[in-house]
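The block underneath contains the structure these notes are about, expressed in structure tokens.
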Amino acid sequence: MARNDLQGTLDLLILKTLSQVRSLHGYGIVQHIQRASNELLQAEEGSLYPALHRMEQNGWLSSDWVINEGKRKAKYYKLTPQGRRQLAEAEQSWEQLMKGVQSMLRFA
């Protein structure tokens, strides 16, 4: 799979996560992806934070620094209206990819 495909998949997972939980810090996003996928998917922090930064620069996410219960600062991310549109496009692209893969598997 090409790097852009992997990047697009990570984007989709992040956008979908934030569409379901509204606002979450990076580690919380990692945990949600693992839990929601029954531990089948894992987002590595080394890939996650550059993706979050890029997505924020693209206007898909906004963020706020929050002091949590442990009195530590954490950056919480949430989806913007532009991010919701991007999520819809990413879901549609993913569905097309899956249709293509399923067709190929039936053909082979």
Against the longest principal axis of the chain, how steep is helix 3-21, in degrees 0 to 90 to the nearest 10, with axes from Cα atoms? 50
Label-to-label distance, nm, for residues given as SER23 and GLU56 (7 Å Cα→Cβ offset): 1.4
What order do you get for 21-29, 87-95 when each peptide is scored by the mean count of other beta carbon atoms within 10 Å, highest first? 21-29, 87-95
Within the range 41-108, trypsin sites (Lys or Arg not before Pro) in DSSP loop having at most 13 other beta-carbon neighbours inside 10 Å: LYS71, ARG72
Per residue, how much accessible area does the chain show when a 1.4 Å probe rolls over the protein heavy atoms, in square angstrom? 70
For the range 55-108, take every pair of Cα atoms, bin their distances at 10 Å starting from 0, and report each bin as a whole percent. 22, 27, 23, 17, 9, 2
Which ³J(HN,Hα) values, rounded to whole Hz and listed in residue order, are derived for the range 25-41 from phi using the Karplus coefficients 6.51, -1.76 and 1.60 in 6.51 cos²θ - 1.76 cosθ + 1.60 with θ = phi - 60°, glycine and proline given as x? 7, x, 5, x, 5, 4, 5, 5, 4, 5, 5, 5, 9, 6, 6, 7, 10
Return the tail of the calculated pair distribution for the chain, meaning the percent of Cα-Cα pairs more than 25 Å apart. 23
If I take every Cα pair under 8 Å that is 6 or more residues apart in the chain, average their sequence separation and divide by the length, what percent do I get for the relative contact order? 27
Out of GLN57, LEU10, THR80, whose Cα points farthest toward the positive end of the dipole of the chain (charges: +1 Lys, Arg; -1 Asp, Glu; placed on Cβ)? THR80
Report, in debye and to the nearest 20, how large the dipole of the chain comes out about its Cα centre when Lys and Arg carry +1 and Asp and Glu carry -1 on their Cβ. 240
Holding the Cα-Cα limit at 26 Å, pick out from LYS16/LYS99; LYS16/LYS71; LYS75/LYS99 the pairs that are longer than that. LYS16/LYS71; LYS75/LYS99
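The values are calculated or read from the model by the stated rules, or taken from the named source; none is laboratory data. Predicted model only: the values in this text are computed from it and were never measured. Here the Cβ is made from the backbone with ideal geometry for all residues, glycine too, and neighbour counts use every protein chain on show. The protein model used for the area step is the full one, side chains on, heavy atoms only, and it has no ligands, DNA or RNA in it. Shrake-Rupley method; radii C 1.70, N 1.55, O 1.52, S 1.80 Å.
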